[in-house]
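The values are calculated or read from the model by the stated rules, or taken from the named source; none is laboratory data. Here the structure is a predicted model, which means the values were calculated and not measured. Counting neighbours? That spans all protein chains shown, and the Cβs are built from the backbone with ideal geometry, glycine included.
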Amino acid sequence: PSEEDPSEEDPSEEDPSEEDPSEEDPSEGVNEATNDVGGELAIKLDDKTKNNNEETNEVGSVVIENQKPEGGLMGYFAGMLISILTFAFFVARDVGNLAGSRVATGYYSKSEKSEKADLYEEAEQLWADGAYIESIDLLRNYIEKYPGEYHARQRIAEIYENDLASYRAAALEYESILTMELPPKRWGWAAIHLCNLYSGKLGETEKALDLLRRVADECADTTPGQKARDRLAKIDAM
């Protein structure tokens, strides 16, 4: 019989050292399970962290929203207070300026009246001392400073007529008075005085009659007008 070659192997026999690739290592399943659990835990932790962050953000936004109106309200009141104080400052300044202006105006007005009275009294004192010409000169200075003063002109006419017996000068003063804008009654009395000078001391009867007729017409509703009509009636009756 033929001898078998021991080097030849049966191809049907398998090497026990070779492993079936289809078989899985049990440690790999454990690792995968561990990884899955870790991943789920990590995801859950991330979700919790996100939720916590979202809650923190929500709480922070609520706090900020609650703080914003309070801060805005404080700013509004602060601005209003500043506006009120500024307005009060300007009002106080304007009132102070107005009060100061009125005080100054009153002071100057009082000073002017005092100076006016003092000047007239000085002229009267000169007249009382017998200084008639000096009194007239001071009265003329008074008229230059206060041109609308009727009494100063009348006083000059009286001094000329009564103290200096200068009837023509007195008549000229009365004529200047009649050129002023005066109330009818005052104008009529000045005209009556001038009529007396014309008809008496100056002997100018025609001038006196013409002026009497003018007084009777222009001052009809006054006492001088009535007096002028009465005198004209007496003259006509003669």
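Listing for the model above:
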{"read-out": "Any hit, the range 224-238, residues being within 49 Å of the chain's Cα centre (by Cα), more than 30 Å from Ala131 (Cα to Cα) and modelled with pLDDT of 95 or more", "value": "no"}
{"read-out": "Enumeration of residues in the range 211-229 that are assigned to a helix (DSSP H, G or I) and in contact with a Gly (Cβ under 7 Å, 6 or more places away or on another chain)", "value": "Val215, Ala216, Pro224, Gly225"}
{"read-out": "Any pair with Cβ under 6 angstrom, 6 or more apart, that starts in the range 180-199 at a residue that is aromatic (Phe, Trp, Tyr) and ends at one that is crowded, with 19+ Cβ neighbours inside 10 Å and not in a loop (DSSP other than H, G, I, E, B)", "value": "Trp189/Pro224; Tyr198/Ala208"}
{"read-out": "Whichever residue in the range 108-125 is among the hydrophobic types (A, V, I, L, M, F, W, C) and closer than 17 Å to Arg153 by Cβ and, among such residues, is farthest from the chain's Cα centre (by Cα)", "value": "Ala123"}
{"read-out": "From Ile133, Ile143, residue being closer than 23 Å to Leu202 by Cβ, of a type outside the set (Asp, Glu) and either at pLDDT 95 or above or not in a loop (DSSP other than H, G, I, E, B) (or both)", "value": "Ile133"}
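Rundown of residues vs (1) at pLDDT below 95; (2) β-branched (Val, Ile, Thr); (3) in a loop (DSSP other than H, G, I, E, B); (4) within 26 Å of Glu112 (Cβ to Cβ), yes/no style:
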{"site": "Ala165", "(1), (2), (3), (4)": "no, no, yes, no"}
{"site": "Ala171", "(1), (2), (3), (4)": "no, no, no, no"}
{"site": "Tyr174", "(1), (2), (3), (4)": "no, no, no, no"}
{"site": "Glu181", "(1), (2), (3), (4)": "yes, no, yes, yes"}
{"site": "Leu197", "(1), (2), (3), (4)": "no, no, no, no"}
